[in-house]
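Okay, structure first, notes after.
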Amino acid sequence: MEEVTRRSFFGKAIAAIAGMIALGWGIPLLGYALLPAFRRRRESWSEAGPVDKLEVDRPKELEMVLSLKNGWMETHSVQSIWAFRKPDGEVVVYSPICPHLGCAYRWVDAEHVFHCPCHGSVFALSGKVLAGPAPRPLDTLPEKVENGRLYVLYEEFKTGIPRKEVI
């Protein structure tokens, strides 16, 4: 057995204290650096404008600024949606992407339907498929009204499949 000298004892004690200090600082710093990579990206509610600008049973294309937080980075983008009010005051918001292949569709006021120019899908105001190859109705988006303002939680959905599935 080796004899413990004062010098070796203090050397080991200083090394142990330095190790505890390194752990005390290292674990939080490592968590700060690595945890954002494991967090799921967060989307937030985006304001789409005043509800009183929406007409009853007449969809309007609105633009809103989306904020996306992914780790420590926050990005902003502009996205469009289709929104209208029902006669009972309920607000309906549709994703602007056709559920067939992801093309942008438009509202044809004279025919009172949505038309997708890519493959001829036609949708009723209710979102129901009237014609064409679209596998499901138009995708609705979560919405809420606060203080007369419309807020939307923008989501994207897989196209070409019969069920509504968030990407």
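The values are calculated or read from the model by the stated rules, or taken from the named source; none is laboratory data. Everything numeric in this text was worked out from a predicted model, so none of it was measured. Here Cβ is always computed from backbone atoms with ideal geometry, including for glycine, and neighbour counts include all displayed protein chains.
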**OP:** Residues being aliphatic (A, V, I, L, M), touching a strand residue (DSSP E or B) at 6+ places or on another chain (Cβ under 8 Å) and in a loop (DSSP other than H, G, I, E, B): count how many of those fall in region 152-167.
**Re:** 2
Original post:
Where in region 17-129 are there strands (runs of 3 or more DSSP E), lying fully within it, with 3 or more residues that are out of contact with any Cys (no Cβ under 6 Å at 6 or more places or on another chain) and more than 19 Å from Ile167 (Cβ to Cβ)?
Top reply: 46-50, 60-70, 73-85, 106-108, 113-115
Original post:
Just wondering, is there one or more residues in region 100-107 that are exposed (fewer than 14 other Cβ atoms within 10 Å of the Cβ) and within 18 Å of Trp45 (Cβ to Cβ)?
Top reply: no
**OP:** Name, by its number, the condition in (1) modelled with pLDDT of 85 or more; (2) exposed (fewer than 11 other Cβ atoms within 10 Å of the Cβ) that does not hold for Ile27.
**Re:** (1)
Subject >> Number of the condition not met by Cys116 [criteria: (1) modelled with pLDDT of 95 or more; (2) under 16 Å from Tyr151 (Cα atoms)] >> reply: (2)
Original post:
What is the residue count in region 125-151 for residues that are touching a strand residue (DSSP E or B) at 6+ places or on another chain (Cβ under 8 Å) and free of Cβ contacts under 8 Å to residues at least 12 places away in the same chain?
Top reply: 2
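Residues in region 142-149: is at least one in contact with a Phe, Trp or Tyr (Cβ under 6 Å, 6 or more places away or on another chain) and either among the basic types (Lys, Arg) or assigned by TED's automatic domain parsing to the domain that holds Leu101 (or both)?
yes
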Subject >> Those residues of region 108-123 which are exposed (fewer than 14 other Cβ atoms within 10 Å of the Cβ) and not acidic (Asp, Glu), in sequence order >> reply: Val108, Ala110, His112, Pro117, His119, Gly120
